[in-house]
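Colleague: Structure incoming, see below.
Since every read-out is calculated from the coordinates, none of them should be taken as a lab result. Treat the numbers as computed from the prediction; the structure is a model and nothing was measured. Note: ideal-geometry Cβ built from the backbone for every residue, glycine included; neighbour counts use all protein chains shown.
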C-alpha cells in the first residue's frame, strides 16, 4: 500500500541453483561453477535434466581450468560472448544510468541526454516486463507497472531508469524501476533486465576480425566506478 492509497498484490517466486566443483590432477586443483535462476518454482530445478546440465557445465569449466596456461600480457582486443559478459554492461553502463546518480551528478552519464555515448551499433534497454526472467516484475516495489525503457538508442543516450521520487525531482516520467532491498529500505531506481540489443553482424564475422585477442564467455564478477566509468 502506497501513501496515496494505491494497493497492489504480487507474487514473486525467485529461485537460483548454483553448482561448484573442484577437480584435481597431480598436485594441481582447479574449480568450476555454474548457475541458473528465474522467477519460477523450485520444482523445475529438481528435475534431473535441469540440475544435471548445471553440474556438467561446472565440471567442464573445472576441466578447462586444469588444462589452462598463463594468459599473455599486454593490451589486446576482446570479443565478449553472450550471457555472463553482460556483467560488464550491468556494472559499466547499467548503474551509471540509474536516476538518482544522475540527479546528483555523480554518474559519468550525467547531463549527456541526447548526446552520443556509444557506437551507433549499441542500443541498451531495461525491460522488467519480459516474462519469467530473473529481473522481471509485474510491478516494481512502488506498485508501478514495469515497462521496456530505452536507455541508449543507436549510441545516443535517451533516458535514465527512474523511481517515483527521482522522476518527480527530475521532472520526467517514472519507468517502473523503483526497487528496495527489503521493507526496511527506501526505494531506489535500480535495474530489472538490462541488456544490449543484438546487432546484425554474424558472430563468425566478428571473430574473424580479431587476429590476436581473447574470446571471453564467462565472468566471475566485476565492479566499476560510475563517476569515472573505469
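Colleague: Hey, rough spin-label estimate for residue 182 and residue 202, points 7 angstrom out along Cα→Cβ, what's it come to in nanometres?
Modeller: Going from the residue 182 label point to the residue 202 one covers 5.3 nm.
Colleague: Run the numbers for residue 60 and residue 4: contour at 0.36 nm per residue of separation, minus the present Cα-Cα distance, in nm. All intermediate terms of the calculation are to be shown ahead of the outcome.
Modeller: Values: separation 56, 0.36 × 56 = 20.16 nm, distance 5.31 nm.
Computed gain between residue 60 and residue 4 is 14.9 nm.
Colleague: Against the longest alpha carbon principal axis of the chain, how many degrees, from 0 to 90 and to the nearest 10, is the axis of helix 48-66 turned?
Modeller: It is inclined by approximately 60 degrees.
Colleague: Classify the stretch 132-230 from the C-alpha gyration tensor, please: rounded if a/c falls under 1.5, else prolate or oblate depending on whether a/b exceeds b/c.
Modeller: Working: a/c = 2.16, a/b = 1.97, b/c = 1.09.
Verdict is prolate for the stretch 132-230.
Colleague: Right, something else. Please give the peptides 63-73, 172-182 ranked by average Cβ packing (other Cβ atoms within 10 Å per residue), highest first, as a rough proxy for protection.
Modeller: Values: 63-73: 9.8, 172-182: 19.5.
The densest-packed peptide leads the list: 172-182, 63-73.
Colleague: I've got another one for you. Rank-order 86-96, 152-162, 207-217, 104-114 by packing density, defined as the average count of other C-beta atoms within 10 Å over each peptide's residues, highest first.
Modeller: Working: 86-96: 18.6, 152-162: 20.3, 207-217: 11.1, 104-114: 14.0.
Ranking the peptides 86-96, 152-162, 207-217, 104-114 by packing returns 152-162, 86-96, 104-114, 207-217.
Colleague: Then there's this: Want the number for residue 76 to residue 225: 0.36 nm per residue separation, take away the alpha-carbon distance, what's left?
Modeller: Numbers: separation 149, 0.36 × 149 = 53.64 nm, distance 2.23 nm.
Difference between extended and current length: 51.4 nm.
Colleague: Pop a pseudo-label 7 angstrom from the Cα along the beta-carbon direction at both residue 44 and residue 139 and give the gap in nm to one decimal.
Modeller: Using points 7 Å along Cα→Cβ, the separation is 2.4 nm.
Colleague: When only Cα pairs under 8 Å and 6 or more residues apart are kept, what is the percent relative contact order across the chain? Could the numbers behind the result be given before it?
Modeller: Working: 414 pairs, mean separation 51.0, N = 230.
Over the chain, the number comes to 22 percent.
Colleague: When Cα extents along the principal axes in Å is calculated directly from the model, which label among (i) 75, 51, 37; (ii) 65, 44, 31; (iii) 52, 42, 26 fits?
Modeller: Checking each listed value against the structure points to (ii).
Colleague: With the cut-off at 1.5 for a/c, could you classify the stretch 17-67 from its C-alpha gyration tensor as rounded, prolate or oblate? Spell out each step's value before the answer.
Modeller: Values: a/c = 3.58, a/b = 2.99, b/c = 1.20.
Judged from the Cα gyration tensor, the stretch 17-67 comes out prolate (a/c at least 1.5, a/b above b/c).
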